[in-house]
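Visitor: Starting off with a structure, shown below.
The values are calculated or read from the model by the stated rules, or taken from the named source; none is laboratory data. Keep in mind it's a predicted model, so treat the numbers as computed, not measured. For neighbour counting, all protein chains shown are included, and Cβ atoms are generated from backbone atoms with ideal geometry for every residue, glycine included. Please note that ligands, DNA and RNA were not included when accessible areas were found on the heavy atoms of the full protein model with its side chains. Shrake-Rupley method; radii C 1.70, N 1.55, O 1.52, S 1.80 Å.
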Amino acid sequence: MKILIAGDGKVGAWLTRQLANEGHDITLIDSDAAILENTIAQYDVMSIAGNCASMETLRQADVQHANLLIAATGSDETNLLCCMTAHGMNESLHTIARIRTPEYSETVHSNRDLFALSLTVNPERKTAAEIDRLLKYPGFLRRERFANGVVELVEIRLTGGAKKLDGTPLHQMERVTGCKVLVCAVVRGGETIIPGGDFTLREGDRIYVTAAPHDLTKMLRNLDMIPRRARSVLIVGGGRISLYLAQMLLRERMSVKIIERDGALCERLAELLPEASIVQGDASVHATLVREGLETCDALVLATGMDELNLVLAMYGTAVPVPQVITKLSRIENLRLLDHLSIGTVVSPQALSCETIIRYVRAMQNQIGAAVTVHGIADGGAEALEFVVDEHTPHRGETLSDLEIKKGVLLASLTRGSKLIFPRGDTSFQLGDRLVVVAAASSGIETLQDIFA
């Protein structure tokens, strides 16, 4: 597809790399020519220096023949105007806008057709929703649903109770956990591994496990990993993520305290969140954290605008230890470097937004056998994709032992109706089956046909 990306910031650069690698025709637009030069030196893409909301710039980018425009500049107003102008020049164009200002939420939602928006992405709201979900399911670093909830994929770090898995070969997982689970990816020392049955787990590994929801609960119980659900949450940083998150938590009757240095922002938060406790203070000062209850809270959320401060406070929080620590990081390209640090669960607004946009792009392609669900896992080193077996799927009825699957591809689960099956040599695909595949990000799996060698 021909895709225009307006804005060469963190999100724009990540999307450029990912979509260019998937073979799309990318044109990048930014008002800063120097920034563009740095990106086009790395990727085979076209670039236009100019105002993305102007008709002249969009003409130079050949918007008339584009399939999709992604507006991800630092200005919500520019993103909206860019989408409206581009759609006016090409009525068949799909448009995606990053909209971050909370006050615009109702306006954009109510006037989606007027703004000609196919999809809007709010990184802060999406991040708050992800943190809220993690707080509801303590014990997992991440949790994704497939096949209408019949099967789930979760991330676990082999620490605490999970250290029981240290030294366990994967073919013995059922004996140790007492339930049917499949480890489909492992992050060790910053490296993503798609393991075989003889692979042996080590303490400190981050593992991605797929199973039925009741088996995951049983596994946590058998490994003594079920912590008490958070009731009191301490949030450091008073930005948009904290505002959205506090609103969600207060609706669930949780106790919420926010520490923020800026006095004016504290006053604003106090107006918007009358049921929360808003404290003006410097969280980098140890006495402030102790005074405000760090050592007694159920969960600590680090959401300041400085990654370095979030990391330091996260390491302190895990050392205390706070039962659940969640760390917001902006620089998604460095996530793998943090694998050896004890910083709890990491969430990235940019990564969450980019995954949403990539899923939309793949759905637009509407390829025969295309994935219906895609989740990036293992810090971007792998993907979990869900496919539906239809009349176009090759090798239906043939047993897997007679087929050759690409290297770096693992068939994680197969759902037939409400029945979960872990594929084996005698398993075969049937019409309507839902197959979850885990593959290295470099494997180029986009359709079900791509899994076969």
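Visitor: What are the pairs with Cβ atoms under 6 angstrom where one residue, in segment 378-403, is in contact (Cβ under 8 Å) with a residue 12 or more places away in the chain and the other, located anywhere, is crowded, with 19+ Cβ neighbours inside 10 Å and aromatic (Phe, Trp, Tyr)? Sequence gap at least six, or different chains.
Guide: If the second residue must be crowded, with 19+ Cβ neighbours inside 10 Å and aromatic (Phe, Trp, Tyr), the pairs left are 386/146; 389/429; 396/429.
Visitor: Please enumerate the residues belonging to segment 261-285 that are β-branched (Val, Ile, Thr) and touching a Cys at 6+ places or on another chain (Cβ under 8 Å).
Guide: Correct list: 278, 279.
Visitor: A follow-up question, please. In segment 80-98, which residue that is within 21 Å of residue 363 (Cβ to Cβ) and open to solvent by less than 40 Å² (accessible area, probe 1.4 Å) is farthest from the chain's Cα centre (by Cα)?
Guide: Filtering segment 80-98 for residues that are within 21 Å of residue 363 (Cβ to Cβ) and open to solvent by less than 40 Å² (accessible area, probe 1.4 Å), the one farthest from the chain's Cα centre (by Cα) comes out as 90.
Visitor: Could we say that residue 186 is in contact with a Ser or Thr (Cβ under 9 Å, 6 or more places away or on another chain), more than 27 Å from residue 380 (Cβ to Cβ), in a strand (DSSP E or B) and open to solvent by less than 20 Å² (accessible area, probe 1.4 Å) here?
Guide: no
Visitor: For segment 99-146, enumerate the residues that are of a type in the set (Ser, Thr, Tyr), open to solvent by 60 Å² or more (accessible area, probe 1.4 Å) and assigned to a helix (DSSP H, G or I).
Guide: If the condition is that a residue be of a type in the set (Ser, Thr, Tyr), open to solvent by 60 Å² or more (accessible area, probe 1.4 Å) and assigned to a helix (DSSP H, G or I), then 104, 107, 110 are the ones that fit.
Visitor: Also: Taking the residues in segment 213-240 that are within 23 Å of the chain's Cα centre (by Cα), modelled with pLDDT of 90 or more and open to solvent by 10 Å² or more (accessible area, probe 1.4 Å) as candidates, determine which candidate is nearest to residue 435 (Cα to Cα).
Guide: Restricting to residues being within 23 Å of the chain's Cα centre (by Cα), modelled with pLDDT of 90 or more and open to solvent by 10 Å² or more (accessible area, probe 1.4 Å), the top hit is 240.
Visitor: If I filter segment 280-328 down to residues being small (Gly, Ala, Ser) and outside any loop (DSSP other than H, G, I, E, B), which single residue comes out as farthest from the chain's Cα centre (by Cα)?
Guide: The qualifying residue farthest from the chain's Cα centre (by Cα) is 287.
Visitor: Hey, could you check segment 399-415 for residues that are assigned to a strand (DSSP E or B) and surrounded by fewer than 16 Cβ atoms within 10 Å (Cβ to Cβ) and say which is modelled with the highest pLDDT?
Guide: Per the stated criteria, the residue is 399.
Visitor: Could you check segment 27-78 and list, in sequence order, the residues that are without any contact (Cβ under 8 Å) to a residue 60 or more places away in the chain, over 14 Å from residue 8 (Cβ atoms), of a type outside the set (Gly, Ala, Ser) and open to solvent by 20 Å² or more (accessible area, probe 1.4 Å)?
Guide: 44, 55, 56, 59, 60, 64, 77
Visitor: Residue 86: in contact (Cβ under 8 Å) with a residue 60 or more places away in the chain, part of a helix (DSSP H, G or I), farther than 26 Å from residue 244 by Cβ and hydrophobic (A, V, I, L, M, F, W, C), yes or no?
Guide: So residue 86 passes the test.
Visitor: I would also like to ask the following. Restricting segment 424-449 to residues that are at pLDDT 90 or above and surrounded by fewer than 20 Cβ atoms within 10 Å (Cβ to Cβ), which is farthest from the chain's Cα centre (by Cα)?
Guide: This residue is 426.
Visitor: Still on this structure, I have one more. Would you check which residues across segment 192-212 are closer than 23 Å to residue 150 by Cβ and either of a type in the set (Ser, Thr, Tyr) or surrounded by fewer than 20 Cβ atoms within 10 Å (Cβ to Cβ) (or both) and list them?
Guide: If the condition is that a residue be closer than 23 Å to residue 150 by Cβ and either of a type in the set (Ser, Thr, Tyr) or surrounded by fewer than 20 Cβ atoms within 10 Å (Cβ to Cβ) (or both), then 208, 210 are the ones that fit.
Visitor: Name every residue in segment 160-185 that is more than 15 Å from residue 221 (Cα to Cα) and touching a residue at least 12 places away in the same chain (Cβ under 8 Å), in order of residue number.
Guide: Residues satisfying the conditions are 166, 167, 168, 169, 170, 171, 182, 183, 184, 185.
Visitor: Out of the residues in segment 279-297 that are open to solvent by less than 40 Å² (accessible area, probe 1.4 Å) and of a type in the set (A, V, I, L, M, F, W, C), which is farthest from residue 322 (Cα to Cα)?
Guide: Among those that are open to solvent by less than 40 Å² (accessible area, probe 1.4 Å) and of a type in the set (A, V, I, L, M, F, W, C), it is 279.
Visitor: Next question. Which condition breaks for residue 304 when tested against (1) surrounded by 18 or more Cβ atoms within 10 Å (Cβ to Cβ); (2) among the β-branched types (Val, Ile, Thr); (3) modelled with pLDDT under 90?
Guide: Failed condition: (3).
Visitor: So, one more: Here are the criteria: (1) touching a residue at least 24 places away in the same chain (Cβ under 8 Å); (2) in contact with a Gly (Cβ under 8 Å, 6 or more places away or on another chain). Tell me which single one residue 104 does not satisfy.
Guide: (2)
Visitor: Now, a different point. Of the residues 343, 357, 377, which is open to solvent by less than 20 Å² (accessible area, probe 1.4 Å), out of contact with any Ser or Thr (no Cβ under 8 Å at 6 or more places or on another chain) and modelled with pLDDT under 90?
Guide: Being open to solvent by less than 20 Å² (accessible area, probe 1.4 Å), out of contact with any Ser or Thr (no Cβ under 8 Å at 6 or more places or on another chain) and modelled with pLDDT under 90 holds for just one of 343, 357, 377, which is 377.
Visitor: Any idea which residue in segment 380-398 is modelled with the lowest pLDDT, counting only those that are loosely packed, with under 14 Cβ neighbours inside 10 Å and in contact with a strand residue (DSSP E or B) (Cβ under 9 Å, 6 or more places away or on another chain)?
Guide: It comes out as 394.
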